Amino acid sequence: MHKFDYLQPKTLKSALALLEKHGDDARAIAGGTSLLIMMRQRLLMPKVVVSLADIPRFDRVTYSAKHGLTIGAGARHRDIELSPVIKRHYPLLHETFHKVAQPRIRNMGTIGGNLAAGDPLTDPGASLIALDAEVVLSSRAGKRVLKLDEFFVDYYQTALNPGELISEIHVPPPSRAHWAHIKFTPRSIEDFATVGVALTLRMKNGICDDIRLGLNSVASTIVRASRAENILRGQEITEARLQEMGEIAATEVDPVDDNRGSAAYKREMVKVLVPRAAREALRRAS
Ligand SMILES: Cc1cc2nc3c(=O)[nH]c(=O)nc-3n(C[C@H](O)[C@H](O)[C@H](O)COP(=O)(O)OP(=O)(O)OC[C@H]3O[C@@H](n4cnc5c(N)ncnc54)[C@H](O)[C@@H]3O)c2cc1C
């Protein structure tokens, strides 16, 4: 490992000041599960590493029926998995975070680090997109809020500007009671997904009133499959429409060949897993 300075600010304000001061030479570190691998492989060689571990209440999880859920960027996967309020009101998040890696990683990795890494193989982004989540980005200049599906830009690239941190993730009050999450991992349950599908939907008088579909591991970013959603939105759900939804979702992804499968295989799995997720969601309501 190359030599670097390790700074431990005690407030968000001083962390932001340090990141601004050191510019391209600096990197934030939260759980370190992703950053340290990149540093050991010398893909990243920051001169200054700014720890977010001592920022007060950076891992806070709060919920109100009116405003929904706010998750501090420093909340660890395990905090989110085990939060009673999340289990009760956002079972999709409970299930998703339960499936992230294994407990050793879940005890260290944070939601902020996960999203900021911009890795399309990771799980939380698709479920958060299916729940209409927003990220709050803080810098010395102030705050801005982005819908999560606008945050992911390309492989390992996000809308974060230099000197900016994710400070919070906001999830609106639950409005689509039906949900499903499929992490398709034929190799090992602890592996990254070959294909990941997260779906929420609301039924009204036998019609699909609203729906969100997030997919991971099938493109250069985590994606929202809006055209596939439109096949069901405002319609009665029939087997023919579910099949069509899967076909359309497969046109919204751009997978690559890798050790988890060929691009063609992953596209076929999208066609199978998207309708399966919708069927599962219909059987289950939170
Ligand atoms: C063996 C292994 C298995 C894994 N399996 C899975 C899996 O199955 N599913 C899955 O989803 N993920 C998986 N991961 C990835 C893991 O979830 C992420 O690495 C973790 O969430 C990253 O969080 P962290 O706090 O450790 O980030 P760090 O490693 O500390 O940081 C990652 C990046 O984010 C930046 N950063 C950190 N916090 C912030 C912030 N608040 N604002 C802006 N930038 C920030 C850092 O500068 C760095 O660039 C796995 C990782 C490993 C090592």
Inset, instruction - Tell me which residues, restricted to region 101-144, are within 18 Å of L82 (Cβ to Cβ), more than 13 Å from the chain's Cα centre (by Cα) and assigned to a loop (DSSP other than H, G, I, E, B). - result: A101, Q102, N107, M108
Inset, instruction - Identify the residue in region 54-77 that is within 12 Å of the ligand (Cβ to nearest atom) and open to solvent by less than 70 Å² (accessible area, probe 1.4 Å) and, among all such residues, is farthest from H98 (Cα to Cα). - result: I55
Inset, instruction - Could you list, in sequence order, all residues of region 92-116 that are open to solvent by 20 Å² or more (accessible area, probe 1.4 Å), more than 16 Å from A193 (Cβ to Cβ) and modelled with pLDDT of 95 or more? - result: H94, N107, M108, G113, A116
Legend entry - Counted residues, region 88-138 - those being of a type in the set (K, R) and more than 10 Å from the ligand (Cβ to nearest atom): 1
Legend entry - Meets criteria (out of contact with any Asp or Glu (no Cβ under 6 Å at 6 or more places or on another chain) and over 30 Å from I237 (Cα atoms)) for G142: yes
Inset, instruction - Any residue in region 188-208 that's within 18 Å of S226 (Cα to Cα) and at pLDDT 95 or above: show its pairings with residues that are among the aliphatic types (A, V, I, L, M) and within 13 Å of the ligand (Cβ to nearest atom) at Cβ separation under 6 Å, as long as the two are six or more apart or on different chains. - result: G196/A126; A198/A126
Inset, instruction - Say whether the condition of being within 10 Å of the ligand (Cβ to nearest atom), surrounded by fewer than 17 Cβ atoms within 10 Å (Cβ to Cβ), modelled with pLDDT of 95 or more and not aliphatic (A, V, I, L, M) is met by at least one residue in region 5-28. - result: no
Inset, instruction - Name the strands (runs of 3 or more DSSP E) wholly inside region 145-201 in which the number of residues that are more than 11 Å from the ligand (Cβ to nearest atom) and surrounded by 22 or more Cβ atoms within 10 Å (Cβ to Cβ) is 3 or more. - result: 178-184
Inset, instruction - Answer with yes or no whether A219 is open to solvent by less than 30 Å² (accessible area, probe 1.4 Å), out of contact with any strand residue (DSSP E or B) (no Cβ under 8 Å at 6 or more places or on another chain) and on the phi < 0 side of the Ramachandran plot. - result: yes
Inset, instruction - With respect to S226, determine if the residue is of a type in the set (G, A, S) and touching a Pro at 6+ places or on another chain (Cβ under 8 Å). - result: no
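The values are calculated or read from the model by the stated rules, or taken from the named source; none is laboratory data. Here the structure is a predicted model, which means the values were calculated and not measured. Because the Cβ atoms are built from the backbone with ideal geometry, glycine has one as well, and the counts that use them run over all protein chains shown. Calculation scope for accessible area: heavy atoms of the full protein, side chains included, ligands and nucleic acids excluded. Shrake-Rupley method; radii C 1.70, N 1.55, O 1.52, S 1.80 Å.
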